[in-house]
Amino acid sequence: MIKRSKFSLAILMLVLVLGVFLAACGGDSDDNNDNNNNDDQTNDQTNDNNDDNSNDSTNDEGNDNDSASGEPQMGGKLVGAMDTAPAGVFNPIFYEEAYEANILDFTHEGLLSQDDTLQFGPGLAHDWDINEDNTEITLYLEEGVKWHDGEDFTADDVVFTYRSIASPGYIEAGGVRTEYVDKLVGYEDFVNGDTDEFEGVVAEDELTVTFKFAQPNVTILKDVAFPIIPEHVFADVPIGEMPEHPGTLDAGEVIGTGPFMFTEMLEREQYVLEKNPDYWQGEPYLDSITWRIVEGSVMLGLLENGEIDFIADPNGVAAQDYESVAGLDHIKIHEQADFGYQLMGFIHNHRTAEDAESGTINPDNWVPNEDMGDPLVRQAIAWTIDRQAIVDQLLLGHGSVINAPIAQQFWAYDESAATLYEKDLDKAAELLDEAGYVDADGDGYRDTPDGEEWVVNLNYPTGNELRERSAPILAQMIEEAGIQVDLRQPKEMTAYVEDLTNNTGDWDIYLLGWSLGSGDPDPSGLWRSQDAYNFGRWNNPDSDQLIADAITPPDAFEQSYREEVYSEWQGYFSEDLPALLLYAQNKIYGFNERLNGVNPMPYGFNNDPHLWWVSE
Amino acid sequence: MQPNPQETLSTQPELTPGDNQKNTSKSPFQLAFRRFLKNKMAVVSLIFLLLIVVICILAPVFTDQDPELTDLFKIEQGPTDEHILGTNGTGQDNFSRLLYGGRISLLVGFSAMFFTLTIGILLGSLAGYYGGKVDSIIMRAADIMLMLPFLVLTLTIIAILEKITIPIFVTIIAVTSWPNLTRIIRGTYLSLREQEFVLGARAIGASDFRIILKHFIPNAIGPIIVNATLMMATYIIIESALSFIGFGIPQPTPTWGNMLSEAMNVRILRDHPEAWIPPGIAIFVTVLAINFIGDGLRDAFDPKSKQR
Amino acid sequence: MYKYIIRRILVFIPMLFALTVIVFGLAQAAPGDALTGQQLADPRVDPEVYEKQREALGLNDPIPVQYAKWISNVAQGDFGKSLVFNGRSVADLIEARFANTLYLGIFSLFITIVVAIPIGIYSARKPYSLLDYAATGFGFLGLAIPNFFFGLIAIYVLSINLGWFPAQGTLSGPGMAGFEAFFSRLHHMVLPGITLGLAGTATYMRYMRSEVLDVLGSDYIRTAKAKGMSDSNVLYKHTLRNALIPIITLMGFEIGVLLSGAVITEQVFQYPGLGTLFISSVTNRDFPVVMAITLILGILILIGNLLADIFYSIVDPRIRYD
């Protein structure tokens, strides 16, 4: 049995549901001040190794921003660049890629949005009530919100959106967002086709909607924050045909409530967003924003000569290009840590061939991995890795060493409980000696306690340039401790994941990266013993218990309780080492100084675009 | 294992049949060899190619850097005294990768040529000698192979393989590109088949194997050598092109093609021409030299072609 | 003639069938599928969701069943849906790229012909002249330089350093129309077009030269000249007609080479054509797209061969098919 991942909103998702939050902030200048403070926080937290560099520049940028910002001006066009074209599915319930998010961030909104401390605030809903036991939430929608085609936005649209995700055939049509609906009352019956009534989401009246959950829900706000699609466009479209409907695919037909309308595209090259003059939070300043798909080769040149105005999500400016961008007078830089991390995983156990065949994940059947199953060996290997050097040299300082498998931006991240591994060959040697791994035959490499030749193999996938580069470097670091490493040929991701999932072979160490959601820090889905993505087949009942405790009501309604539990769990993690976490990369946004009013959130750049304006 | 056309040529005369040759004191190979030596461009190219081969084989003499050793503290550096062509994205020395990479590229080119040649001689001999059904089956298969989109097949095969080693890579290339050579060899055989000396040999009861070995191969050897040489150049380009788009011999093994693939990263393309231009030039001059040699050989074996 | 064409087309069918069986078989032999790769992008998505999608897409069916489904859909003109571009139909994805590749191919062929044929003729009429030597030299260079390396150099020099041509894309902006769009397209196609056409230009030039030399040396041309026909008359009426036959045939047979070259060239310039789509699809195991492109390329190559034969018979009335 695989349990559903409760990792909250995908970064992308979250970015989408932004929008509002104006009510909480004062004027524009306050915004900017907030922005500066946030920058400082983010950087202090994530870039301690790189103070002089990024911190300064961010501060400068902030100050510039203040001095440059006069009165916002109406009009103007903006050009953004991304390096890969969106797949072309412009529907929040079906898209899967960050590149589409760059369009949908501007066109669609959710009921709630997240602020810079990752707390949920108002969006299309201005207020909400949660009942005593956290099973019901009633949201009050903004009045007078119109879809891009002039229709009124109502509670029925909310019901329609969630109902679509819950409907039978949604998954078969290619949708993957069921985590937003499967906790709702009556989901099972509805998705199995036993009933046509979906009780989970109910429109009380035009502007009031109630979500009913089967169990007390710790992440209730996250679950109701999904971007809303228009009922009047898709009402008569069977769910199976929705992905191919013009309202999903075609510029001009994609309808949202957001500040910009997706009006034109030259597929794989240009995507044009024009302002929605009737936007409910006020008319956007900009006339249009155009996304251009530009290969990295020319991106910087275009940024320099002003043909493009900003490079932001999902990849930002490459760390190696930081200096050249920072050297441009008219370009500002905003740098912040990414949600996610790269890891060097240890295979604790192998699965049996029968289990792999049938897809069973049962820790009782697992076969311990010789050598790598010994915690002393794992710790020893962890002590051979100079993670700081990797961050400094490979990432050129634009990233940070991460010590726990929770995104650093969360309140739950607590490295004080974790062992802070660094390069210490003496310690590694000590641990290996203790575990009985000594060089028995004098060939310069340590052998197993039985005196047999010991070779640790290291596997890695292609697809991430930095990770590919890190593999031979990591192998070399481990070898310095006298451990013979067999650096395997890189595999293309699909084949790699297949092998990693089956895990019936002889793997010892694997490299992988996870991008995490910014909705909630809950690590289930990745690290519990029965999780499919627990590729190392780490089996630790204590850890499982802690992960479960952290989201078990009623205690878990208190954030302080969750903090404690997560802190303890992070300690377990770093002792038992299902993986050594390597680094979290920084995202580097670069934008032309003529662009004002930008206020990037920890999870993305495309925040409040209706407040963006250009000075000429 | 390195290509050495001259050697191939000079070892052949023993096999030369005397039957239908005019009674000159020199075998056709010696004649061809003489003619080849008169072609300055070809000879210079041959010397040049040998030089490249020797430099690559003796790579350890020319550089004391390990081409696969990474250095975290020397990533993407420009040229220095220690690394005269700088370092790549994992801090490996570009110059030593150029030399050691040459070994792999040349080895792949040569072994793919050799492999194709084996298939081609085998199938071409069968088809050309026996004719009839054998011929039509082999030739139909060759026709089909020729009409299939070569790159599509190669890329699909490589994409699904879990591991790409040099022998596997060579096999893929050979298996997808045997028809050309097979056709050429068959054609030569067909023209020889009805000639007197073959009929004579058959009449005195020579075995098929003996006839093929003693009469056909020596007479077909000219076009075979010429085409094999030109084919090797093609294979070197194919290796580099596939490696360039990430479907070749994977890192960390250096090849000229995967060195060039680093230039897909614009930063390297723009800021580090010293990292990608040398392997490109290496491929270029090697292929150029082989082509000149091939042309020289063609003129040498088929003097008529020169008159055009 | 028509009979011949029909017979040839009938022969295509089993060949295409063989091609699709081979590629389909290879595709299914691959470890993992399109969903395996996507899966990791978002750890919040339950792997069971993908298992359900696999079931719905029929990816768990036995291979012959999958093939039968695929081929019967294709026979009805339905290439299915992409597994990676969620919900996009294959036909829809391929349409725009196919046009781009076609434009690129035609443009490079145009350059090739415009450059190679006149120079080839000139070289043959004035052998051992300076231009002839230059052309021969160029021929050797053009065949020896890998086209992707030439493309990189072109980007490095003409795009990055001189800024004369765009290094990628097909058009400067959406909403361009008419002449503006046409010239923008052309401007974008210059570098990839030349890169793709380079090897072809060298080949055709050499061919043209030797063919013209051949014909000029033949008896009937000598006779014509002896009868007092003017040089240009001889050249255009007799020589070219005969010299062009092998060139046209070559062109038909070289379609495969051109398309293979396009795959690599498009990759260098990140040109949104069939080649880049094929490479990304084959890497992501998006096999409905891979199969469709395979089929299209296969058909193009076969048609190229057929056209070569037909042109051959038109240009040279001595050749008759029946």
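The values are calculated or read from the model by the stated rules, or taken from the named source; none is laboratory data. Predicted model, so just to flag it, every value in this text is computed and none were measured. Here Cβ is always computed from backbone atoms with ideal geometry, including for glycine, and neighbour counts include all displayed protein chains. With ligands, DNA and RNA removed, areas are computed over all heavy atoms of the protein, side chains included. Shrake-Rupley method; radii C 1.70, N 1.55, O 1.52, S 1.80 Å.
Return the pairs, sorted by first residue and then second, in which the second residue is modelled with pLDDT of 90 or more and in a loop (DSSP other than H, G, I, E, B), the first residue lies in the range B:237-259 and is more than 9 Å from chain C (Cβ to nearest Cβ), the beta carbons are less than 6 Å apart, and the residues are 6+ apart or on different chains.
B:243/B:255; B:249/B:255
Among helices (runs of 4 or more DSSP H) lying entirely in the range A:346-462, which contain 3 or more residues that are among the charged types (D, E, K, R)?
A:353-358, A:425-435
So if I check each of A:277, A:284, which one is part of a loop (DSSP other than H, G, I, E, B), under 17 Å from residue A:77 (Cα atoms) and without any contact (Cβ under 8 Å) to a residue 40 or more places away in the chain?
A:277
Name, by its number, the condition in (1) of a type in the set (A, V, I, L, M, F, W, C); (2) within 14 Å of another protein chain (Cβ to nearest Cβ); (3) in contact with a helix residue (DSSP H, G or I) (Cβ under 6 Å, 6 or more places away or on another chain); (4) touching a residue at least 12 places away in the same chain (Cβ under 8 Å) that does not hold for residue C:149.
(4)
Got a number for residues in the range A:285-300 being open to solvent by 30 Å² or more (accessible area, probe 1.4 Å), within 9 Å of chain B (Cβ to nearest Cβ) and either out of contact with any Asp or Glu (no Cβ under 7 Å at 6 or more places or on another chain) or at pLDDT 75 or above (or both)?
1
Take the conditions more than 14 Å from chain C (Cβ to nearest Cβ), open to solvent by less than 20 Å² (accessible area, probe 1.4 Å), among the aromatic types (Phe, Trp, Tyr) and closer than 24 Å to residue B:256 by Cα and apply them to residue B:95. Does it pass?
No, not satisfied.
Give me the residue from the range A:453-481 that is crowded, with 19+ Cβ neighbours inside 10 Å and in contact with a Gly (Cβ under 7 Å, 6 or more places away or on another chain) and, out of that set, farthest from the other protein chains (Cβ to nearest Cβ).
A:467
Against the definition (in contact (Cβ under 8 Å) with a residue 12 or more places away in the chain, assigned to a helix (DSSP H, G or I), among the β-branched types (Val, Ile, Thr) and more than 14 Å from chain C (Cβ to nearest Cβ)), how does residue B:157 come out, yes or no?
no
Residue-by-condition table, conditions (1) out of contact with any Gly (no Cβ under 8 Å at 6 or more places or on another chain); (2) open to solvent by 10 Å² or more (accessible area, probe 1.4 Å); (3) in a helix (DSSP H, G or I):
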site	(1), (2), (3)
A:105	no, yes, yes
A:117	yes, yes, no
A:126	yes, yes, no
A:134	yes, yes, no
A:137	yes, no, no
A:143	yes, yes, no
A:161	yes, no, yes
A:168	no, yes, no
A:199	no, yes, no
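Could you tell me which of the residues A:527, A:538 is within 14 Å of chain C (Cβ to nearest Cβ) and open to solvent by less than 10 Å² (accessible area, probe 1.4 Å)?
Just one listed residue meets the conditions, A:527.
Please pick out the residue among B:274, B:262 that is part of a helix (DSSP H, G or I), within 14 Å of chain A (Cβ to nearest Cβ), of a type in the set (Asp, Glu) and touching a residue at least 60 places away in the same chain (Cβ under 8 Å).
On inspection, the qualifying residue turns out to be B:262.
Name the single residue that is farthest from the other protein chains (Cβ to nearest Cβ) among those in the range A:241-263 being in contact with a strand residue (DSSP E or B) (Cβ under 6 Å, 6 or more places away or on another chain) and open to solvent by less than 40 Å² (accessible area, probe 1.4 Å).
Checked the range A:241-263; the qualifying residue farthest from the other protein chains (Cβ to nearest Cβ) is A:260.
Taking the options C:213, C:240, name whichever one is assigned to a helix (DSSP H, G or I), under 29 Å from residue C:303 (Cα atoms), open to solvent by 20 Å² or more (accessible area, probe 1.4 Å) and in contact (Cβ under 8 Å) with a residue 40 or more places away in the chain.
Criteria check complete, one pass: C:240.
Only residues in the range B:67-93 that are basic (Lys, Arg) count as the first member; pair them with residues that are part of a loop (DSSP other than H, G, I, E, B), Cβ under 6 angstrom, at least 6 apart or cross-chain, and list the lot.
Matching pairs, first to second residue: B:74/B:91.
Scan the range A:170-188 residue by residue and report those that are at the interface with another protein chain (Cβ under 8 Å from one of its Cβ atoms), surrounded by fewer than 21 Cβ atoms within 10 Å (Cβ to Cβ) and either without any contact (Cβ under 8 Å) to a residue 60 or more places away in the chain or in a helix (DSSP H, G or I) (or both).
Selection gives A:178 alone.
For the list (1) surrounded by fewer than 22 Cβ atoms within 10 Å (Cβ to Cβ); (2) free of Cβ contacts under 8 Å to residues at least 12 places away in the same chain; (3) not basic (Lys, Arg), I need the number of the one condition that residue A:565 fails.
(2)
Do the conditions hold for residue C:268, that is, is it within 12 Å of chain B (Cβ to nearest Cβ), over 23 Å from residue C:167 (Cα atoms) and over 14 Å from the mean Cα position of the chain (by Cα)?
no
Looking only at the range B:120-138, which residues are surrounded by 17 or more Cβ atoms within 10 Å (Cβ to Cβ) and either touching a strand residue (DSSP E or B) at 6+ places or on another chain (Cβ under 7 Å) or in contact (Cβ under 8 Å) with a residue 40 or more places away in the chain (or both)?
Of everything in the range B:120-138, those that are surrounded by 17 or more Cβ atoms within 10 Å (Cβ to Cβ) and either touching a strand residue (DSSP E or B) at 6+ places or on another chain (Cβ under 7 Å) or in contact (Cβ under 8 Å) with a residue 40 or more places away in the chain (or both) turn out to be B:120, B:121, B:123, B:124, B:125, B:127, B:128, B:129, B:135, B:138.
If you check residue A:117 against the conditions, is it closer than 28 Å to residue C:80 by Cα and hydroxyl-bearing (Ser, Thr, Tyr)?
No; evaluated as a whole, the condition is false for this residue.
Check C:26, C:10, C:19 and return the single one that is at pLDDT 80 or above and either open to solvent by less than 20 Å² (accessible area, probe 1.4 Å) or in a loop (DSSP other than H, G, I, E, B) (or both).
The match here is C:19.
Consider the range A:496-512. How many of its residues are touching a residue at least 60 places away in the same chain (Cβ under 8 Å), within 24 Å of the chain's Cα centre (by Cα) and open to solvent by 20 Å² or more (accessible area, probe 1.4 Å)?
Of the residues in that region, 1 qualify.
Against the conditions (1) away from every other protein chain (no Cβ under 12 Å); (2) in contact (Cβ under 8 Å) with a residue 60 or more places away in the chain; (3) polar (S, T, N, Q), where does residue C:100 fall short? Just the number, please.
All conditions pass for residue C:100, except number (1).
Filtering the range B:212-240 down to residues that are over 15 Å from the mean Cα position of the chain (by Cα), open to solvent by 10 Å² or more (accessible area, probe 1.4 Å) and of a type in the set (A, V, I, L, M, F, W, C), which residue is modelled with the highest pLDDT?
Per the stated criteria, the residue is B:221.
Out of A:339, A:310, report the one residue that is open to solvent by less than 10 Å² (accessible area, probe 1.4 Å), under 22 Å from residue A:265 (Cβ atoms) and away from chain B (no Cβ under 14 Å).
A:310
Which of the residues belonging to the range B:105-125 are within 14 Å of another protein chain (Cβ to nearest Cβ) and in contact with a Pro (Cβ under 8 Å, 6 or more places away or on another chain)?
Of everything in the range B:105-125, just one residue is within 14 Å of another protein chain (Cβ to nearest Cβ) and in contact with a Pro (Cβ under 8 Å, 6 or more places away or on another chain), namely B:109.
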